[in-house]
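Structure record follows, encoded as structure tokens.
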Amino acid sequence: MDIRRQYNCEPFCWAVTLVEMLIVIVALAIVASVMVPMAANAESTRLVGAARLMVIDIEFAQHQSISRPDDPCLLRIDQKNNRYWIARASDLDTPIIDPVSLEPLVGHFGAGRGAEFSGVSIAGYSLDGDTELRFDGVGIPDQSADASIDLTDGVGSMRISIAASSGEVTAAFRSD
């Protein structure tokens with residue numbers, strides 16, 4: 001007897017074996033195991049991105065202070081408005097111009113350069129009792145102790161630390 005007639009699959013007979021189904025299920029499970037954590041970490045990705053932006057801006061201020069020791073740069077924090085800017089010591093209220101975008105060098109989480117970091121906020125800072133982090137002609141901060149700036153996204157928090165003795169800038173998750 002012809003098998004095609006027995007199962008009524010003229011002219012072709014399509015079937016999926018158990019092994020093929022298992023391979024597809026395993027492949028889908030692998031894709032899901034990769035995608036779910038990525039979606040869950042979207043908040044922390046914004047927090048890390050915001051911290052990186054601020055670290056880059058602090059290091060830029062250091063480099064600008066070294067290149068122009070006669071008029072060094074500083075970072076000013078406006079926590080109430082959730083922003084900061086890099087300015088020259090000669091004009092504290094005017095942000096310097098970003099040489100790439102040709103826009104004022106202002107970090108505002110949720111707007112402008114920081115638009116993609118909405119939900120991130122400046123939770124606090126320790127800058128020797130003021131809102132400024134100044135650098136001298138060799139890039140060392142004017143702090144008597146290590147300075148810190150805390151960022152949060154409501155779920156996690158990161159601390160940006162600036163070493164008083166060397167000016168080294170680091171960022172790490174906080175485990176309050």
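The values are calculated or read from the model by the stated rules, or taken from the named source; none is laboratory data. Please read all numbers here as calculations on a predicted model, not as lab measurements. Heads up, the Cβs are rebuilt from the backbone with ideal geometry, glycines too, and the neighbour counts pull from every protein chain shown.
In region 73-124, which residues are in a strand (DSSP E or B), among the hydroxyl-bearing types (S, T, Y) and farther than 24 Å from G137 by Cβ?
S121
Which residue pairs have Cβ atoms closer than 9 Å, lie 6 or more positions apart in sequence or on different chains, and pair a first residue in region 17-45 that is loosely packed, with under 10 Cβ neighbours inside 10 Å with a second residue that is at pLDDT 80 or above and in a helix (DSSP H, G or I)?
Pairs that qualify, where the first residue is loosely packed, with under 10 Cβ neighbours inside 10 Å and the partner is at pLDDT 80 or above and in a helix (DSSP H, G or I), are M38/T45.
Within region 143-155, how many residues are in contact (Cβ under 8 Å) with a residue 60 or more places away in the chain and either crowded, with 16+ Cβ neighbours inside 10 Å or charged (D, E, K, R) (or both)?
Qualifying residue count for the region: 4.
Name the residue that is farthest from the chain's Cα centre (by Cα), counting only residues in region 1-60 that are acidic (D, E) and at pLDDT 75 or above.
E20
Restricting to region 49-63, name every residue that is buried (at least 21 other Cβ atoms within 10 Å of the Cβ) and either β-branched (V, I, T) or over 18 Å from G110 (Cβ atoms) (or both).
I58, A61, Q62
Which numbered condition in (1) of a type in the set (V, I, T); (2) under 23 Å from the mean Cα position of the chain (by Cα); (3) closer than 16 Å to C73 by Cα is the only one that I140 fails?
Against the list (1) of a type in the set (V, I, T); (2) under 23 Å from the mean Cα position of the chain (by Cα); (3) closer than 16 Å to C73 by Cα, I140 comes up short only on (2).
For region 123-166: of the residues being within 24 Å of T45 (Cα to Cα) and in contact with a Gly (Cβ under 7 Å, 6 or more places away or on another chain), which is modelled with the highest pLDDT?
The qualifying residue modelled with the highest pLDDT is D150.
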